[in-house]
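Notes follow the structure.
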Ligand code: NAD
Ligand code: ZN
């Protein structure tokens with residue numbers, strides 16, 4: 001039996017359904033929430049090969065009419081060009097205001113399909129079926145959708161909450177191990193921000209999550225989604241500044257700089273950058289004298305035991321601290337000429353700080 005995690009927001013409420021074999025039961029699970037027995041499925045080529053037949057069969061069995069649109073895998077599909085092509089096909093198809101967009105795939109498909117749903121006919125109903133660990137624990141909860149522009153990632157977007165999210169651990173069985181580890185970094189992140197019990201759970205069960213144990217995966221997804229849902233419910237549109245959704249960026253200022261420095265070419269996965277960034281956020285906090293050294297050591301040990309990247313110098317690419325600093329200063333977290341960072345007072349105690357001296361940031365980068 002799947003677990004239902006309620007997400008309740010000011011204007012809407014929905015369930016994140018977590019369990020195994022959900023895609024093959026999607027028709028029956030979604031029928032009660034669909035305003036019309038008609039959907040447009042958006043997916044990428046990899047996921048289409050692996051999981052689309054089961055989704056389509058379950059739609060057919062429950063009498064839900066569908067049309068499927070497939071994009072190329074990868075970040076480059078979060079583009080104006082792909083957006084335009086899909087919207088064009090959807091409008092040509094003659095959709096109505098009740099036709100639901102179903103995203104089957106990772107964060108790329110979820111962000112793109114969500115943005116199409118948010119904007120087509122000023123808003124179509126939307127369902128997320130996330131198939132990567134990252135999208136199950138992070139991008140499918142919170143309602144952020146969008147595409148990239150030549151000026152940067154995710155600069156064009158909208159908040160659009162789904163009718164339902166189906167997080168199927170069975171989909172993760174086909175995920176490359178590296179993608180699984182990268183998604184796992186976001187789970188660790190949640191624990192480190194504000195859920196020390198989740199971090200302790202990770203220390204005990206992280207290895208089984210990464211060994212594809214469906215029970216541990218389901219439990220990890222449940223805890224991480226519950227954490228994100230709490231943060232999002234308290235700050236739906238990222239307006240609270242310091243203590244709301246901004247905390248979800250723990251480790252991300254560093255991570256984004258590493259990704260940007262490699263030109264977002266996929267050599268470093270987002271979650272791998274985050275993994276290094278988490279340790280750096282602890283190292284910086286220790287340097288600032290606000291976090292115990294023992295907590296930094298615990299975080300480092302956890303990441304390294306599981307074979308996750310934790311230090312810049314262990315990466316097979318060389319980085320210059322000066323270049324990384326330039327990226328961080330350009331990052332949108334730079335406000336009034338000062339570097340804004342998510343720091344920690346310890347495990348599960350994140351906070352934002354607006355006045356981190358650039359020199360200390362430089363020092364932790366070089367360690
Ligand atoms: P992704 O969607 O590119 O998926 C990673 C790779 O795995 C792709 O090649 C994909 O085809 C493949 N794949 C997906 N599911 C699979 C499966 N079950 N088996 C085998 N292969 C599978 O990447 P991602 O890491 O899921 O998401 C990254 C995106 O999410 C970024 O664009 C990021 O900006 C976005 N994101 C959004 C939010 C948000 O709040 N909206 C939060 C975090 C990240
Ligand atoms: Zn992230």
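The values are calculated or read from the model by the stated rules, or taken from the named source; none is laboratory data. Computed from a predicted structure; not experimentally measured. Neighbour counts run over all protein chains shown; Cβ positions are idealised from the backbone, glycine included.
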### Message
If residue 137 meets every condition in (1) touching a helix residue (DSSP H, G or I) at 6+ places or on another chain (Cβ under 6 Å); (2) within 14 Å of ligand 1 (Cβ to nearest atom); (3) free of Cβ contacts under 8 Å to residues at least 40 places away in the same chain apart from one, which number is that one?
### Response
(3)
### Task
Hey, can you tell me all the residues within the stretch 6-51 that are closer than 16 Å to residue 101 by Cα, in contact with a helix residue (DSSP H, G or I) (Cβ under 9 Å, 6 or more places away or on another chain) and either within 16 Å of ligand 1 (Cβ to nearest atom) or assigned to a helix (DSSP H, G or I) (or both)?
23, 26, 27, 29, 30, 41, 42, 43, 44
#### Entry: Residues of the stretch 243-274 classified as outside any loop (DSSP other than H, G, I, E, B) and closer than 17 Å to residue 323 by Cα, total
11
### Those residues of the stretch 52-89 which are in a helix (DSSP H, G or I) and loosely packed, with under 12 Cβ neighbours inside 10 Å, in sequence order
81, 84, 88
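Here's the yes/no breakdown for (1) at pLDDT 95 or above; (2) under 29 Å from residue 143 (Cα atoms); (3) more than 16 Å from ligand 1 (Cβ to nearest atom):
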| position | (1), (2), (3) |
| --- | --- |
| 223 | yes, yes, yes |
| 227 | yes, yes, no |
| 235 | no, yes, no |
| 239 | no, yes, no |
| 242 | no, yes, yes |
| 259 | no, yes, no |
| 280 | yes, yes, yes |
| 287 | yes, no, yes |
| 294 | yes, no, yes |
### Members of the stretch 232-242 that are in contact (Cβ under 8 Å) with a residue 60 or more places away in the chain, assigned to a helix (DSSP H, G or I) and surrounded by fewer than 17 Cβ atoms within 10 Å (Cβ to Cβ)
233, 241, 242
### Query
For the stretch 123-134, what are the residues that are more than 9 Å from ligand 1 (Cβ to nearest atom), touching a residue at least 40 places away in the same chain (Cβ under 8 Å) and surrounded by 24 or more Cβ atoms within 10 Å (Cβ to Cβ)?
127, 129
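Mind telling me which of the residues 5, 34 ends up being touching a strand residue (DSSP E or B) at 6+ places or on another chain (Cβ under 6 Å) and farther than 18 Å from residue 172 by Cβ? Don't jump to the end; show me each part of the working.
Details: 5 fails: farther than 18 Å from residue 172 by Cβ.
Of 5, 34, the one residue that is touching a strand residue (DSSP E or B) at 6+ places or on another chain (Cβ under 6 Å) and farther than 18 Å from residue 172 by Cβ is 34.
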### Query
Pick from 173, 145, 120: which is within 28 Å of residue 234 (Cβ to Cβ) and either within 16 Å of ligand 2 (Cβ to nearest atom) or surrounded by fewer than 22 Cβ atoms within 10 Å (Cβ to Cβ) (or both)?
145
### Query
List the pairs whose first member sits in the stretch 148-160 and is without any contact (Cβ under 8 Å) to a residue 12 or more places away in the chain, whose second member is more than 8 Å from ligand 1 (Cβ to nearest atom), and whose Cβ atoms are under 6 Å apart, counting only residues at least 6 apart or on separate chains?
155/149
### Task
Restrict the check to the stretch 90-107 and report whether at least one residue is in a helix (DSSP H, G or I) and surrounded by fewer than 19 Cβ atoms within 10 Å (Cβ to Cβ).
yes
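Residue 280: touching a strand residue (DSSP E or B) at 6+ places or on another chain (Cβ under 7 Å), within 16 Å of residue 343 (Cβ to Cβ) and assigned to a helix (DSSP H, G or I), yes or no? Lay out the reasoning, then the answer.
Values: touching a strand residue (DSSP E or B) at 6+ places or on another chain (Cβ under 7 Å): no; within 16 Å of residue 343 (Cβ to Cβ): yes; assigned to a helix (DSSP H, G or I): yes.
So residue 280 fails the test.
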